[in-house]
Amino acid sequence: MKTQRRLAETLKDMMATTPIDNISVTTLSKKCGINRQTFYYHFHDVYDLLTLVFLNEKVEKLDKEINPHNLFVSLYNYYEKNTAFIDATLNSDGKDLFVEFVNNNCYTTFLKILNAHKDSKKVTIADRKAIARFYGYAYACTIVFFITNTKNKTLDKFLKDIKVTEDNFLEIALENCIKRK
């Protein structure tokens with residue numbers, strides 16, 4: 001596990017200055033002080049390693065977030081701390097890995113918010129998952145669009161563009177599920 005972690009950290013560091021398509025297994029292995037075969041013992045290629053990076057990435061404070069506004073603040077702060085790495089990922093064939101990473105974080109947070117809501121037990125877990133999946137995917141796509149298409153990315157602009165103004169959208173979704181029964 002130490003070797004995998006070292007390779008993952010080294011890949012992130014290298015991607016901050018070098019496009020992933022220009023990072024060879026040989027160069028990556030040398031930077032880690034391992035031989036090339038050791039890399040192939042753990043991974044098929046650098047994209048396989050990039051997958052591991054996103055599977056193990058944690059967004060600081062996100063596990064404690066209980067509202068959409070703070071979800072976006074946490075994701076924005078994660079982006080700011082990892083801008084070069086994320087931008088390099090978004091400009092590579094690994095773009096979908098980042099999109100899925102954001103989507104999973106949004107889905108998990110929305111599901112946690114819904115499960116903690118006072119009316120959550122009035123709807124099925126399948127309905128709560130459907131609502132979380134819908135909003136998670138919508139917000140993840142918006143976040144990725146913002147990151148890839150907006151110059152001068154500031155937190156205020158980020159929050160304004162995402163339009164985190166409808167505080168009760170989850171309540172409306174739950175209410176609609178309750179009425180459907």
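The values are calculated or read from the model by the stated rules, or taken from the named source; none is laboratory data. For clarity, every value in this text was computed on a predicted model and none was experimentally measured. Every residue, glycine as well, gets a Cβ built from its backbone with ideal geometry; the counts of neighbours run over all protein chains shown.
Summed over the stretch 123-155, residues that are in a helix (DSSP H, G or I) and either modelled with pLDDT under 85 or within 22 Å of Val59 (Cβ to Cβ) (or both) total 22.
Selection over the stretch 112-121 of residues that are surrounded by fewer than 19 Cβ atoms within 10 Å (Cβ to Cβ), of a type outside the set (S, T, N, Q) and assigned to a helix (DSSP H, G or I) gives a count of 3. Set side by side, the residues Leu75, Leu71 differ, and just one is in contact with an Asp or Glu (Cβ under 6 Å, 6 or more places away or on another chain), under 21 Å from Leu155 (Cα atoms), part of a helix (DSSP H, G or I) and of a type outside the set (Ser, Thr, Tyr), which is Leu71. I'd like the full set of residues that are more than 11 Å from the chain's Cα centre (by Cα) and buried (at least 17 other Cβ atoms within 10 Å of the Cβ), limited to the stretch 88-103. Hits for the stretch 88-103 are Ala88, Thr89, Ser92, Gly94. Checked against (1) touching a Gly at 6+ places or on another chain (Cβ under 8 Å); (2) surrounded by fewer than 19 Cβ atoms within 10 Å (Cβ to Cβ), Cys106 meets all criteria but (2).
Taken over the stretch 41-60, the criterion of being touching a helix residue (DSSP H, G or I) at 6+ places or on another chain (Cβ under 7 Å), surrounded by 13 or more Cβ atoms within 10 Å (Cβ to Cβ) and not polar (S, T, N, Q) is satisfied by His42, Phe43, Val46, Leu49, Leu50, Leu52, Val53, Phe54, Glu57, Val59. Among the residues of the stretch 12-60, those identified as in a loop (DSSP other than H, G, I, E, B), free of Cβ contacts under 8 Å to residues at least 40 places away in the same chain and over 20 Å from the mean Cα position of the chain (by Cα) are Ile23, Ser24, Gly33, Ile34, Asn35, Phe43, His44, Asp45.
The set of residues in the stretch 88-107 being assigned to a helix (DSSP H, G or I) and touching a residue at least 40 places away in the same chain (Cβ under 8 Å) consists of Ala88, Thr89, Leu90, Leu97, Phe98, Val99, Glu100, Phe101, Val102, Asn105.
Just to be sure before I move on: is Thr17 under 19 Å from Phe98 (Cβ atoms) and loosely packed, with under 12 Cβ neighbours inside 10 Å in the structure I sent? When the stated conditions are applied, Thr17 passes them.
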